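Down below is the structure, laid out as structure tokens.
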Amino acid sequence: MSRQVTVAIAGLGNRGRDVYAPFAEMFPEHMKIVAIADPIPERIEEVAERYHIPLEKCFSSAEEMLEQDKLANAAFITTQDRQHASQAIKAMEKGYDILLEKPISPNLKECRMVAEAAEKYGRNVVVCHVLRYTPFYQEIKRIIDSGTIGDVVSVMGIMNVGYWHQAHSFVRGNWANSDVTSPMILQKCCHDMDLYLWLTGKTCRSVSSFGNTYHFKKENAPAGAASRCTKGCKAKKDCIFDAEKIYLTNEDTGVLAGNVGWPAEVLSSRPDEASIRKAIEEGPYGRCVYDCDNNVVDHQIVNMEMTDGASMSLAMSGFTP
Ligand SMILES: NC(=O)c1ccc[n+]([C@@H]2O[C@H](COP(=O)([O-])OP(=O)(O)OC[C@H]3O[C@@H](n4cnc5c(N)ncnc54)[C@H](O)[C@@H]3O)[C@@H](O)[C@H]2O)c1
């Protein structure tokens with residue numbers, strides 16, 4: 001029997017506004033948004049109008065929203081990595097079940113505190129390891145659990161991060177610097193790590209890993225590169241990371257080729273040529289990829305020995321199509 005779940009969303013960025021909120025339109029019998037929080041007024045206005053949320057249920061922060069009595073059945077915590085834990089714990093204390101974006105936290109102690117709070121208050125916490133919920137991986141899980149292929153002794157995986165995705169998220173964008181967000185192994189590869197453990201039911205005993213920032217640094221800038229793609233860069237023509245290519249003309253990602261979803265919607269809430277051009281000219285996504293404040297790895301390998309003696313490996317590369 002279906003039941004409509006009322007939802008309070010904390011964080012109206014790409015995940016809160018663009019990925020999860022639209023489910024309220026797709027499945028109104030299952031989900032209704034009743035409260036929202038974000039410090040950016042335009043995001044509040046846009047989401048409030050689209051989902052008919054009254055002004056008194058719109059808040060300028062998750063913290064302010066969570067000061068109120070419980071407003072919904074569930075809270076979606078879709079803020080940035082280092083905000084998740086404190087907001088999730090507060091929400092559980094207030095009585096909400098939680099949809100919690102990954103990573104739970106870059107801090108192990110905080111991860112444990114979230115688990116303890118769920119236990120203490122008796123709340124459900126669904127962490128957005130979204131691959132678990134795809135038919136493809138559910139079928140693999142079913143096959144492994146059925147024993148058809150026998151024991152899992154060795155798992156080898158490759159995480160191909162598209163070169164433009166690497167540039168967008170991990171050089172120019174939100175997750176470029178692990179001091180303020182989280183490292184690649186948590187930010188991107190937590191999906192793979194989660195799959196390895198969930199699919200096999202195994203636990204890691206020891207791990208070795210190497211990775212570094214190989215390419216996206218000043219000394220690799222081509223001759224004539226400028227600090228912004230649109231400010232007289234002489235290396236533009238042959239540079240695949242040129243922001244105008246990625247966000248305007250590239251047939252897979254550019255708005256001029258009709259791509260107005262992600263990543264364009266990260267640059268503008270109404271992506272078109274003019275708004276994307278303005279974002280490239282003025283914002284972080286027009287910076288030269290060789291002149292950013294990035295420190296996360298652009299390639300990494302991980303080897304794991306499991307408690308039962310099985311082994312697993314993952315190679316992540318940000319230089320793939
Ligand atoms: N499950 C996945 O596959 C997946 C994919 C991408 C991102 N994520 C995760 O989702 C989270 C959000 O990513 P995003 O791309 O939506 O980021 P985003 O920056 O687009 O959105 C974050 C939003 O939170 C708002 N915010 C900041 N402080 C706030 C506060 N105190 N209270 C309420 N809102 C506040 C920001 O204004 C912004 O609108 C990240 O932790 C990221 O790791 C998960």
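Computed from the coordinates by the stated procedures, all read-outs in this text should not be read as laboratory data. Treat the numbers as computed from the prediction; the structure is a model and nothing was measured. With ideal geometry, Cβ positions are generated from the backbone for all residues, glycine too; neighbour counts draw on all protein chains shown.
Assuming a viscosity of 0.692 mPa s and a temperature of 37 °C, what translational diffusion coefficient in µm² per second does Stokes-Einstein assign to segment 218-286, Rh being the Kirkwood radius over Cα pairs?
270 µm²/s
Please give the charge dipole size of segment 5-128, origin at the Cα centre, charges +1 on K and R Cβ atoms and -1 on D and E Cβ atoms. Round to the nearest 20 debye.
400 debye
Considering Cα pairs under 8 angstrom that are at least six residues apart, work out the relative contact order of the chain and quote it in whole percent.
Answer for the chain is 17 percent.
Please say if segment 107-183 is rounded, prolate or oblate, where rounded means a/c under 1.5 for a ≥ b ≥ c the square roots of the C-alpha gyration tensor eigenvalues, and otherwise the choice is prolate for a/b larger than b/c and oblate otherwise?
oblate
Can you find, among Asn220, Pro271, Tyr285, the residue sitting farthest towards the positive end of the charge dipole of segment 218-286, where Lys and Arg contribute +1 and Asp and Glu -1 at Cβ?
The Cα lying farthest towards the positive end belongs to Asn220.
Does the chain come out rounded, prolate or oblate, given a ≥ b ≥ c as the square roots of the eigenvalues of its C-alpha gyration tensor, rounded meaning a/c under 1.5 and, failing that, prolate meaning a/b above b/c?
It is oblate, given that a/c is not under 1.5 and a/b is not larger than b/c.
Please list the non-local residues whose amide H lies under 5 Å from the amide H of Gly157, H modeled 1.01 Å from N, same-chain partners needing a gap of 5 or more.
Ser313, Leu314, Ala315
Per the Kirkwood formula on distinct C-alpha pairs, the Rh of segment 1-124 is how many angstrom?
Hydrodynamic radius (Kirkwood, Cα pairs) of segment 1-124 is 14.4 Å.
So for segment 73-160, averaging the separation of alpha carbon pairs under 8 Å that are six or more residues apart and normalising by length, what relative contact order in percent results?
The normalised contact order for segment 73-160 reaches 24 percent.
Can you list the HN-Hα couplings for segment 272-279, worked out from phi with the Karplus curve (6.51, -1.76, 1.60; θ = phi - 60°), rounded to whole Hz and with x for Gly and Pro?
Ordered by residue, 3J(HN,Hα) equals 8, 4, 5, 5, 6, 4, 5, 5 Hz.
Which whole-number value in Å³ per residue fits the convex hull of the alpha carbons of segment 107-152?
Hull volume over Cα atoms, normalised by residue count, gives 126 Å³.
Once you charge only the Cβ atoms, +1 for Lys and Arg and -1 for Asp and Glu, what is the size of the charge dipole of the chain about its Cα centre, to the nearest 20 debye?
My answer is approximately 340 debye.
Using a Förster distance of 30 angstrom, determine the FRET efficiency expected from the C-beta separation of Asn220 and Glu273, and round it to 0.05.
0.50
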